[in-house]
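Beneath this line is the structure, given in structure tokens, with notes to follow.
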Amino acid sequence: AIMSPRRLGGRSFIAANLAIVFSQLGERTLLIDSDLRTPCQHKLFKISSNAGFSSMLAGRMGTEAIARMSSLPGLYVLPAGAIPPNPQELIGRPAFAEILQSLIRDFDIVILDTPAANEYAEAQMIAVGAAAALVLARKNRSAFPEILKLTRSLEQTHTNLVGSVLNDF
């Protein structure tokens, strides 16, 4: 899970670039836009956002919502889909863990673009499901107390912190 405390930290950009790099290294990579509040992976990759992760969580769609990027062999993107009225409730359903575990088995690398962690509780739920998190800070935007709060909450949920990135260094 790619996480940052607040919006505009650059999570989506870093997640997309990381997914591209892994696919170029020959890994079968899935990028999931799990930010069901302000999704943007569909814009970055110029794909439809009509169907996606929210449809899968609601039980209305299966893996056909995953878009294969023909220009980048090995890269697949699951857009957020329609913005639901209840993102936290959708992520909190047992279907989230089941879908995520199934996708983890099907791909070498699964990257989740999350909502702002200190603003929306579902970011923590996503990180717990992913079991690992990369924390992102942005120069002149992220405050140390916010980063500390996020990393401590990850420790409390026993989520593996795999590293951190300072964006706009």
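The values are calculated or read from the model by the stated rules, or taken from the named source; none is laboratory data. This one's a predicted model, so the numbers in the text were calculated from it and none came from an experiment. Note that each Cβ is placed from the backbone with ideal geometry, even for glycine, and that neighbours are counted across all protein chains shown.
Answer with yes or no whether Ile109 is on the phi < 0 side of the Ramachandran plot, over 11 Å from the mean Cα position of the chain (by Cα) and surrounded by 19 or more Cβ atoms within 10 Å (Cβ to Cβ). Considered against the rule, which asks whether it is on the phi < 0 side of the Ramachandran plot, over 11 Å from the mean Cα position of the chain (by Cα) and surrounded by 19 or more Cβ atoms within 10 Å (Cβ to Cβ), Ile109 comes out as no. Only a single criterion out of (1) touching a helix residue (DSSP H, G or I) at 6+ places or on another chain (Cβ under 7 Å); (2) at pLDDT 95 or above is not satisfied by Ser49, namely (2). Considering region 115-159, the residues that are exposed (fewer than 13 other Cβ atoms within 10 Å of the Cβ) and in contact with a Leu (Cβ under 8 Å, 6 or more places away or on another chain) include one that is modelled with the highest pLDDT, namely Glu155. Scanning region 127-150 for residues that are assigned to a helix (DSSP H, G or I) and either closer than 17 Å to Asn167 by Cα or without any contact (Cβ under 8 Å) to a residue 12 or more places away in the chain (or both) turns up Phe144, Pro145, Glu146, Ile147, Leu148, Leu150.
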